[in-house]
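Colleague: I have a structure I would like to understand better, so I am pasting it below and will then ask my questions one at a time.
Nothing in this text is a laboratory measurement; each read-out follows from the coordinates by a stated rule. Model, not experiment: these values are computed from the prediction. Ideal geometry is used to build each Cβ from the backbone, glycine not excepted, and the neighbour counts take in all protein chains shown.
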Amino acid sequence: MTITTIGFDADDTLWQNEQFFRMTEQRFAELLADYAERDHLEERLLEAERRNVGHYGFGIKGFTLSMIETAIEVTEERVPASVIRELIAAGQEMLRHPIELLPHAREAIEAVTGDYRVLLITKGDLLDQERKLAQSGLGELFDGVEIVSDKTPAVYAEIFARHGDGAEKAMMVGNSLRSDVLPALEAGGWGTFVPHDLTWAYEHGEAPTDHDRFHELADLGALPDLVARLADG
Ligand SMILES: [Mg+2]
């Protein structure tokens, strides 16, 4: 039952991310206020994102293209080029947003590094994730970094086999039930849910009610104690 490897999600687990999407969505709604109600726009945008994720993957570039597509749809192809330009600018601004670490992120990683193989496992645009990791100053703490196109049970099984002793001896820690917790559990590993106030609707999932490898923590400050408790059996 011993855990030897711990994987951390990045966005909204170690640093703020979703807040920049929400701010841009607000700008998107303002730009298209003459054409559609805010609720309707949000719904249409989420539909476009879900439709497109298989083509573009996760991240800001795909989000920007989905905003443009939605703008064209809701205006029945009348959206001015100046609005498209603003949407592109908003997306580019997101690619420059500063890194703001979440409370306890650094100390939680420092507490387990050395005793465990510590991995960063994130999905999204490759360049953007590399930029954020570099700016976070956390890069040196990880034994491995994996930027993947999606987080499935097979992806976790492969990563934990390659870097560690298999998923059975690995824990994934993150704010997304759908991407971090449930697929890690399904792969045979441990899943620790650290909710964030802002989580993209796509990432929602049903928390397991009775699973001995599932844990939920209020924040990362509680992670070292959980890991120590599990090590003591
Ligand atoms: Mg996340």
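Colleague: Based on Cα coordinates alone, diagonalise the gyration tensor for the stretch 100-233, multiply each eigenvalue by 5, take square roots, and list the semi-axes in whole Å, largest first. Numbers along the way, then the final one.
Modeller: Details: eigenvalues 79, 63, 54 Å².
Equivalent ellipsoid semi-axes, largest first: 20, 18, 16 Å.
Colleague: On to the next question. Can you give the longest stretch of the chain with no exposed loop site, where a site means GluC sites (Glu not before Pro) in a DSSP loop (not H, G, I, E or B) with at most 10 other C-beta atoms within 10 Å? Intermediate results must be reported in sequence, preceding the final value.
Modeller: Details: sites that count: Glu76, Glu77, Glu206.
Answer from the scan: 78-205.
Colleague: Any chance you could tell me what percent of the C-alpha pair distances in the stretch 28-143 go past 18 Å? Can you show the working numbers first?
Modeller: On the way: 4034 of 6670 pairs.
Pairs farther apart than 18 Å: 60 percent.
Colleague: Something else about it: State the percent of C-alpha pairs, over all pairs in the chain, separated by a distance greater than 30 angstrom. Write out the running numbers ahead of the final one.
Modeller: Values: 7602 of 27028 pairs.
Here the long-distance tail beyond 30 Å is 28 percent of all Cα pairs in the chain.
Colleague: Let me ask you something else. Taking Lys151 as the anchor, which lysines have their alpha carbon closer than 16 Å to its alpha carbon, excluding any fewer than eight residues away along the same chain?
Modeller: Qualifying lysines at Cα under 16 Å: Lys123.
Colleague: Here's another thing I want to ask about it. Rounded to whole Hz and in sequence order, give me ³J(HN,Hα) for the stretch 171-178 from the Karplus expression 6.51 cos²θ - 1.76 cosθ + 1.60, θ = phi - 60°, writing x for Gly and Pro.
Modeller: These are the phi-based 3J(HN,Hα) values: 10, 9, 10, x, 8, 10, 4, 5 Hz.
Colleague: How big is the stretch 18-94 along each principal axis, measuring the range of its Cα positions in Å and listing the largest first?
Modeller: 29, 24, 22
Colleague: Something else now. Going Cα to Cα from Lys169, which aspartates and glutamates come in below 19 Å? Please leave out same-chain ones fewer than 8 positions away.
Modeller: Cross-link targets: Asp9, Asp115, Asp143, Glu146, Glu158, Asp180, Glu186, Asp212, Glu216, Asp225, Asp232.
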